[in-house]
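**Q** Below is one structure. I have some questions about it.
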Amino acid sequence: MEYYVNCKAARDGDGSKGRPFQTISQAAKLAQPGDTVWVEPGVYREWVDPAFGGTEEAPIVYKATKPRQAVITGAEPVKTWENVEGTVWRARIPNGLFTHRNPYTTLVSGDWFVATMIAHLGDVYLNGKSLYEVTELEGVKAPKESPASWDKAFSVYTWYTEQDEKADETVLWANFQGKDPNAEDVEISVRPACFYPSAEGVGYITLSGFTVCCAATQWAPPTAYQEGMIGPHWSKGWVIEDCEIFESKCSGISLGKYLQPENDNKWLHKKYKDGTQTERDCICQAQREGWTKEQIGSHTVRRCDIHDCGQTGIVGHLGGVFSVIEDNHIHHINNKQNLAGAEIGGIKMHAAIDVIIRRNHFHHCTRGLWLDWQAQGTRVTQNLFHHNTLPTLPEEVSPEEAGSLMLGMGEDIFVEVSHGPTLIDNNFLLSARALKLPTQGVALVHNLVAGGICCVGIGTDNGAKTLSSPRYTPYHVPHRTEIAGFMTFLHGDMRFYNNVFVQQPMHPVLKGVMEHMAPNGWDDGNIKAGTYVYDGYPTFEEWDKEFDGYCGMGSAPSDRYYMHLPVWAKGNVYANGAQPWEKEAEPVILTEPVTLEVTGDGADAQVKTNLYQLLPESKAPFVSTETLGMAFEPEEKFENPDGTPIAFDTDYLGRHRAVNPTPGPLEQGTSEAPGVVESVLRDLAAAFWKGFQGNE
């Protein structure tokens, strides 16, 4: 059956084409498996809460008739602003407007949230862009640029809130910097979600071609119910495609965790168990309560433009398993820098079991991609990452300021406390900090890495003051959710094949931070490119020799079971002073300078380089699943989610590789002009717009 929705229709519509419903929610109360809900252009101010899910064979489809012209928003317009003085205005909002919770009395809070300021869930928007909350009225009357913001010029557009309890009103003050808020498009966030079922298990829904924005979402750590403007809420088989998603207070899309009432932000509220322990508890509880491949996950997020969210573009814990995230543009996440903590990134996923993240463009995020805990069977392939490390910096910074600066210093990819196998192949990693790897069981194949690798051999403990505090994290039955065991980290178990490492010029502030931290043995600020960070780690042959002879009970004492795991490296190229691992055989060292420039932000992004003029004839090995072997702890191969082997026979643009392939993400001898990749997003952009054209 087909239902039709038009916000300009009469309120007594029956959902037929001639008499459409006025709201999407009306159709969402009725739609059954196999039904399609067609939504006409317009602004839909509602929380769409689908009552029913579809099936794998017959999903329920919600589709905009014209791409991105049907807007589902969590905001309401305000046209009752009164001028107080100068550019300062005030509005009074009846608290009856807030039917779910008042986002101007509810604070952002949760495990791993760093409360650098008091932040409410609400926001004030000027022409679709959120203003900056301040904690005192003086910050509205005399606003100052935020030194942390990535958009300092706009940070003087500020707002402040307090309650008039006698009148039962929320009072908002805002500085619109000379603009008349009653003439401009000024809104405030009211609802906590835009398209999100309140019940669990509402699966197999497709959301296609919408604009979704401006919801008052809560902080989404892995140990809590994870809110998003859009999300499947602990179900299976959703498709979110061709949407623009922006201005969520915290997270745009949540593929994540359901509510466990007795274990929701327990670390924050009950204090006595460490966050890592409550994390293990919630994983085991989910296992008991039905977290299986048959019931949860297998979602698809594709061809979406996700930007300007406060915490993450996409968040997920447990619920995102077996999903595909492809062909998305994910950018400008956490740029206000008013939210801080350990759950921030373009994508932040825990337990990304058999998740494929491919052909996405990540830029201007406080961290592009963060894979935390149980990145097992995860593949990150054919993505472009750039400008994910503090694009705006002061002229200088004191050593004392270095620690606070690190709160906002991200990287392209962060893989944390996972046992693998995690596969990172055919990507451009062009930020100053390319990879943060306090983990093991990772293979890097055919990437261009133009930033440092940091946190090698560290960062897997909880940071107790004097006592040992290792983080034991789970690993799983291959291609399943069932837990196979728990283990801490030996580090190593890393593979580097056919990558190109290029040292970029170091920003003096980032270099200063790196040098300030170096004496403490903490390399979180490292921006020196190359695999040298694994110096001191054994080859497989050296590690294997430790197990010669009898290794059982009664053998001589040995560190063999607790030493670093081996490293493999072959076919890599190093340029501009990037340094190889000390034990790599025959690394290729380029002596001529390699130039590297990224221009453009979206579908017009270009990577210009002379690298392919300088590479010698390739002797690099052809790489496959057989080459990479098994990740040590889960004893699982670097293979496809269905268990079939991978041959790395195509490059970033999908073209066939030679028997002795060119190192890096592009195969040499292509149609590009020498030394220039005309647009590494060309094919991605074509697919993106083709998807929209198919909806017209």
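**Q** For segment 218-234, how many residues meet the condition of being farther than 24 Å from VAL39 by Cα and in contact (Cβ under 8 Å) with a residue 40 or more places away in the chain?
**A** Looking only at segment 218-234, we keep the residues that are farther than 24 Å from VAL39 by Cα, and these are 218-227, 234.
Checking which are in contact (Cβ under 8 Å) with a residue 40 or more places away in the chain leaves us with 218-224, 226, 234.
Going through segment 218-234 one residue at a time, the tally reaches 9.
**Q** Moving to a separate point now. In the set VAL114, VAL108, which member is exposed (fewer than 15 other Cβ atoms within 10 Å of the Cβ) and under 29 Å from GLY345 (Cβ atoms)?
**A** Working: VAL108 fails: exposed (fewer than 15 other Cβ atoms within 10 Å of the Cβ).
Matching residue, one of VAL114, VAL108: VAL114.
**Q** Among the residues of segment 2-24 satisfying the criterion of being farther than 23 Å from GLY74 by Cβ and not in a loop (DSSP other than H, G, I, E, B), which is most open to solvent (accessible area, probe 1.4 Å)?
**A** If we filter segment 2-24 for residues that are farther than 23 Å from GLY74 by Cβ, which is where we start, we get 2, 4, 10, 12-19.
Retained after the next criterion (residues that are not in a loop (DSSP other than H, G, I, E, B)): 2, 4.
On the way: GLU2: 93, TYR4: 46 Å².
Per the criteria, the residue is GLU2.
**Q** Only one residue in ALA27, ALA91, ALA31 is under 26 Å from ASN338 (Cα atoms), of a type in the set (Gly, Ala, Ser), over 28 Å from the mean Cα position of the chain (by Cα) and crowded, with 19+ Cβ neighbours inside 10 Å, so which one is that? Lay out the reasoning, then the answer.
**A** Values: ALA27 fails: under 26 Å from ASN338 (Cα atoms); ALA31 fails: under 26 Å from ASN338 (Cα atoms).
Matching residue, one of ALA27, ALA91, ALA31: ALA91.
**Q** Return yes when VAL71 is touching a Gly at 6+ places or on another chain (Cβ under 8 Å), β-branched (Val, Ile, Thr) and farther than 28 Å from CYS250 by Cα and no when it is not. Give the steps one after another, and end with the answer.
**A** On the way: touching a Gly at 6+ places or on another chain (Cβ under 8 Å): yes; β-branched (Val, Ile, Thr): yes; farther than 28 Å from CYS250 by Cα: no.
When the stated conditions are applied, VAL71 does not pass them.
**Q** Name every residue in segment 501-530 that is more than 15 Å from ALA432 (Cα to Cα) and either modelled with pLDDT of 90 or more or in a loop (DSSP other than H, G, I, E, B) (or both), in order of residue number.
**A** GLY521, TRP522
**Q** Do any residues in segment 124-144 that are at positive phi and touching a residue at least 24 places away in the same chain (Cβ under 8 Å) have Cβ atoms under 9 Å from those of residues that are surrounded by fewer than 17 Cβ atoms within 10 Å (Cβ to Cβ) and of a type in the set (Asp, Glu), where the two are at least six apart or on different chains, and which pairs are they?
**A** Pairs found: ASN127/GLU184; ASN127/ASP185; GLY128/ASP185.
**Q** If I go through segment 197-214 residue by residue, how many of them are part of a loop (DSSP other than H, G, I, E, B) and either basic (Lys, Arg) or touching a strand residue (DSSP E or B) at 6+ places or on another chain (Cβ under 6 Å) (or both)?
**A** Restricting attention to segment 197-214, the residues satisfying the condition of being part of a loop (DSSP other than H, G, I, E, B) are 197-204, 209-210, 214.
Checking which are either basic (Lys, Arg) or touching a strand residue (DSSP E or B) at 6+ places or on another chain (Cβ under 6 Å) (or both) leaves us with 203, 209-210, 214.
The qualifying residues number 4.
**Q** For SER671, all conditions in the list (1) among the small types (Gly, Ala, Ser); (2) at pLDDT 90 or above; (3) open to solvent by 60 Å² or more (accessible area, probe 1.4 Å) hold save one; what is the number of the exception?
**A** Here SER671 meets the rest and fails (2).
**Q** Residues that are farther than 23 Å from LEU207 by Cβ and at pLDDT 95 or above: find the strands (runs of 3 or more DSSP E) completely inside segment 47-155 holding 3 or more of those.
**A** Numbers: elements: 60-64, 70-73, 75-77, 82-85, 88-94, 124-126.
Output list reads 82-85, 88-94.
**Q** Give the number of residues within segment 132-155 that are within 17 Å of ASN334 (Cα to Cα) and out of contact with any helix residue (DSSP H, G or I) (no Cβ under 8 Å at 6 or more places or on another chain). Don't jump to the end; show me each part of the working.
**A** Residues of segment 132-155 that are within 17 Å of ASN334 (Cα to Cα), as a first pass: 132-134, 145-155.
Then keep just the ones that are out of contact with any helix residue (DSSP H, G or I) (no Cβ under 8 Å at 6 or more places or on another chain); that gives 133, 147-148, 150-155.
Residues that pass the stated criteria total 9.
**Q** Exactly one of these conditions fails for TRP38: (1) assigned to a strand (DSSP E or B); (2) in contact with a Lys or Arg (Cβ under 7 Å, 6 or more places away or on another chain); (3) within 26 Å of THR217 (Cα to Cα). Give me its number.
**A** (3)
Condition check ((1) open to solvent by 10 Å² or more (accessible area, probe 1.4 Å); (2) in contact (Cβ under 8 Å) with a residue 40 or more places away in the chain; (3) not β-branched (Val, Ile, Thr)) across all residues:
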position	(1), (2), (3)
GLY275	no, yes, yes
GLU279	no, yes, yes
ALA286	no, no, yes
GLY290	yes, no, yes
HIS307	yes, yes, yes
GLY313	no, yes, yes
GLN337	yes, yes, yes
GLY341	yes, yes, yes
ILE344	no, yes, no
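**Q** For segment 237-273, how many residues meet the condition of being in a strand (DSSP E or B) and open to solvent by 10 Å² or more (accessible area, probe 1.4 Å)?
**A** Residues of segment 237-273 in a strand (DSSP E or B): 239-241, 244-246, 251-254.
When the remaining residues are screened for being open to solvent by 10 Å² or more (accessible area, probe 1.4 Å), the result is 239, 241, 244, 246.
Counting residues in segment 237-273 that are in a strand (DSSP E or B) and open to solvent by 10 Å² or more (accessible area, probe 1.4 Å) gives 4.
**Q** Any idea which of GLU56, GLU46 is under 24 Å from GLY228 (Cβ atoms), open to solvent by 60 Å² or more (accessible area, probe 1.4 Å) and within 31 Å of the chain's Cα centre (by Cα)? Full working, then the answer.
**A** On the way: GLU46 fails: open to solvent by 60 Å² or more (accessible area, probe 1.4 Å).
None of the other options fit; the residue is GLU56.
**Q** Out of the residues in segment 156-179 meeting the condition of being free of Cβ contacts under 8 Å to residues at least 40 places away in the same chain and part of a loop (DSSP other than H, G, I, E, B), tell me which one is surrounded by the fewest Cβ atoms within 10 Å (Cβ to Cβ).
**A** Just the residues of segment 156-179 that are free of Cβ contacts under 8 Å to residues at least 40 places away in the same chain, to begin with: 156-160, 162, 165-166.
After this cut, where a residue has to be part of a loop (DSSP other than H, G, I, E, B) as well, the list is 157, 165-166.
Values: TYR157: 21, GLU165: 8, LYS166: 6.
For segment 156-179, the residue satisfying everything is LYS166.
**Q** State all residues of segment 181-217 that are under 19 Å from VAL88 (Cα atoms) and in contact (Cβ under 8 Å) with a residue 12 or more places away in the chain; if no residue qualifies, say none. Break it down into steps so the answer makes sense when it comes.
**A** Let us first name the residues in segment 181-217 that are under 19 Å from VAL88 (Cα atoms), namely 181-188.
Those that are under 19 Å from VAL88 (Cα atoms) and in contact (Cβ under 8 Å) with a residue 12 or more places away in the chain: PRO181, ASN182, GLU184, ASP185, VAL186, GLU187, ILE188.
**Q** Here is a further query. So which residues in segment 563-603 are open to solvent by less than 30 Å² (accessible area, probe 1.4 Å) and hydrophobic (A, V, I, L, M, F, W, C)?
**A** Once the filter is applied, which keeps residues that are open to solvent by less than 30 Å² (accessible area, probe 1.4 Å) and hydrophobic (A, V, I, L, M, F, W, C), segment 563-603 yields LEU565, VAL567, ALA569, VAL573, ALA575, ALA578, TRP581, LEU590, VAL594.
**Q** Let me ask another. Residues that are modelled with pLDDT under 95 and acidic (Asp, Glu): list the strands (runs of 3 or more DSSP E) wholly contained in segment 570-624 that include at least 1 such residues.
**A** On the way: elements: 573-575, 596-599, 606-609.
Where strands (runs of 3 or more DSSP E) fall fully within segment 570-624 and carry at least 1 residues being modelled with pLDDT under 95 and acidic (Asp, Glu), they are 596-599.
**Q** Also: Out of (1) surrounded by 13 or more Cβ atoms within 10 Å (Cβ to Cβ); (2) out of contact with any helix residue (DSSP H, G or I) (no Cβ under 8 Å at 6 or more places or on another chain); (3) of a type in the set (A, V, I, L, M), the odd one out for MET517 is which?
**A** (2)
**Q** Test each condition in (1) open to solvent by 10 Å² or more (accessible area, probe 1.4 Å); (2) in contact with a strand residue (DSSP E or B) (Cβ under 8 Å, 6 or more places away or on another chain); (3) not basic (Lys, Arg) for PHE501 and report the one that comes out false.
**A** Of everything listed in (1) open to solvent by 10 Å² or more (accessible area, probe 1.4 Å); (2) in contact with a strand residue (DSSP E or B) (Cβ under 8 Å, 6 or more places away or on another chain); (3) not basic (Lys, Arg), PHE501 misses just condition (1).
**Q** Among the residues of segment 454-498, which ones are among the basic types (Lys, Arg), closer than 30 Å to GLY643 by Cα and open to solvent by 20 Å² or more (accessible area, probe 1.4 Å)?
**A** Pass one, segment 454-498, residues among the basic types (Lys, Arg): 465, 471, 480, 495.
Remaining after also requiring closer than 30 Å to GLY643 by Cα: 471, 480, 495.
Selection gives ARG471, ARG480.
The values are calculated or read from the model by the stated rules, or taken from the named source; none is laboratory data. Every value quoted in this text rests on a predicted model; they were computed, and no experiment measured them. As a convention, Cβ positions derive from the backbone with ideal geometry for all residues, glycine included, and neighbour counts pool all protein chains shown. Protein only, heavy atoms only, side chains kept; ligands, DNA and RNA dropped before computing areas. Shrake-Rupley method; radii C 1.70, N 1.55, O 1.52, S 1.80 Å.
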